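So the structure is just underneath, and the comments pick up after that.
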Amino acid sequence: MTSWFRPAGSTARDGFELAVSPGEQDWNHTGLYVATLRPGQSVEFDTGDCEYLVLPLSGSAEVIVDGETLPLGGRADVFTGPTDFAYVPRGTTVAVVSAGGARIAFPHARAASDYPFRRIGVEQVETELRGAGVASRQVRNFGTPAVLEADSIIACEVLTPAGNWSSYPPHKHDEHKPGKESELEEIYYFELQLSDDAPEGVKGNDPIGYQRVYGTEDRPIDVLAEVRSGDLVLVPHGWHGPAMAPPGYDMYYLNVMAGPGTEREWLISDDPQHGWVRELWSTQQLDPRLPFGEDR
């Protein structure tokens, strides 16, 4: 049986501290690599049949494809603000180098067509504040269809203030229902940090959050993962949510999605037992801690 929870370090290979790709058992469309580069260090690989995004999690870098170099300004960390990133098509060799050191994520997905190698500027990233009350969260739509032209990959970043529930109400996207739901695998990659309202002197060692995934009657799946920075949860199908940020610690997760459909779209269905909670948001205030960092 496939393990859908991948603790930090458990998938390390070939210079990547995290490496999941399409083609594993029961996993067909999406992937994610994460590499930490020391000052002056580089990483190089072939994209094969996947399109890739080069997304700085911290630090800055240069991306090189076929002799063309694109600089990425990056950011201090995922909570300080959005970042520019690069799109790399399938069938190429890509190299990434960082003069000052960086942590780089490489979301990817199987693709059937090619788009040009290019930089997408930070000014093009759309920030959305979603939910209300303790379900408030912030979404950076950097790799969604409205922002990024691509073949199959859909990607976004979600930031959840300490103590809030995100990815809620539970929802799914594992069936093709035109105009209602799209069939997409999804990756959750997590990082957590001490919240700004923590008392002075608190170090916030080893914060934990939780991620829930559960199946439909005909397609069972059962995941309740205690997640730390660097951990990964794969969602092949089923209802997913909430992603729970513990009191005292903010949660970040990177979502990567793709599926077999010919239309690149992100359509979800709420769990009918819990979808009614959306009605509460009209009478609740957005969490005043949002947005984070440079998104303000």
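The values are calculated or read from the model by the stated rules, or taken from the named source; none is laboratory data. The structure presented is a predicted model; accordingly, all values stated were derived computationally and were not measured. Glycine gets a Cβ as well: all are built from the backbone with ideal geometry, and neighbour counts include every protein chain shown. What goes into the accessible areas is simple: the full protein's heavy atoms, side chains included, and nothing from ligands, DNA or RNA. Shrake-Rupley method; radii C 1.70, N 1.55, O 1.52, S 1.80 Å.
Look at the dipole of the chain built from charges on Cβ: of GLY73, GLN193, ALA86, the Cα furthest out on the positive end belongs to GLN193. Using only side-chain charges placed at the Cβ, +1 for Lys and Arg and -1 for Asp and Glu, the dipole size of the chain relative to its Cα centre rounds to 420 debye. Sorted largest first by accessible area at a 1.4 angstrom probe radius, with every protein chain in place, the residues TRP4, TRP276, TRP165, TRP27 fall in the order TRP276, TRP165, TRP4, TRP27. Rolled with a 1.4 Å probe across the full set of protein chains, the surface gives HIS274 an accessible area near 60 Å².
Bridging of LYS172 to aspartates and glutamates at a Cα separation below 12 Å is possible for GLU181, GLU183, GLU185, GLU186, ASP270, ASP271, once same-chain residues fewer than 8 apart are set aside. Taken about its Cα centre, the stretch 192-284 carries a charge dipole of about 140 debye when Lys and Arg each add +1 at the Cβ and Asp and Glu each add -1 at the Cβ.
Set against the 2.2 N^0.38 Å expectation for a compact globular protein, the chain has a Cα radius of gyration ratio of 0.96.
Would you work out which of PRO161, ASN205, GLN273 lies farthest towards the positive end of the dipole of the chain, given +1 charges on the beta-carbon of Lys and Arg and -1 on that of Asp and Glu, about the Cα centre? With unit charges placed on the Cβ atoms, the residue in question is ASN205. For LEU280, the accessible area of its heavy atoms, probed at 1.4 Å with every protein chain present, is near 70 square angstrom. For the chain, the solvent-accessible area of protein heavy atoms averages 43 Å² per residue (probe radius 1.4 Å; ligands and nucleic acids excluded). Decide, for the stretch 143-208, between rounded, prolate and oblate: order the square roots of the alpha carbon gyration tensor eigenvalues as a ≥ b ≥ c, take rounded if a/c falls under 1.5, and otherwise choose prolate if a/b is larger than b/c, else oblate. Judged from the Cα gyration tensor, the stretch 143-208 comes out prolate (a/c at least 1.5, a/b above b/c). If you take the Cα centroid of the stretch 223-296 and the Cα centroid of the stretch 180-207, the two points sit 11 Å apart.
Starting from the stretch 164-225, pick out the trypsin sites (Lys or Arg not before Pro) whose DSSP state is loop and whose Cβ has at most 14 other Cβ atoms within 10 Å.
Details: sites: LYS172, LYS180, LYS203, ARG212; in loops: LYS180, LYS203.
Within the stretch 164-225, the qualifying trypsin sites (Lys or Arg not before Pro) (loop, at most 14 other Cβ atoms within 10 Å) are LYS180, LYS203.
Out of the total accessible area of the stretch 68-172 (probe 1.4 Å, heavy atoms of protein only), what percent is carbon and sulfur?
Working: 1700 of 3250 Å².
Exposed carbon and sulfur together represent 52 percent of the surface.
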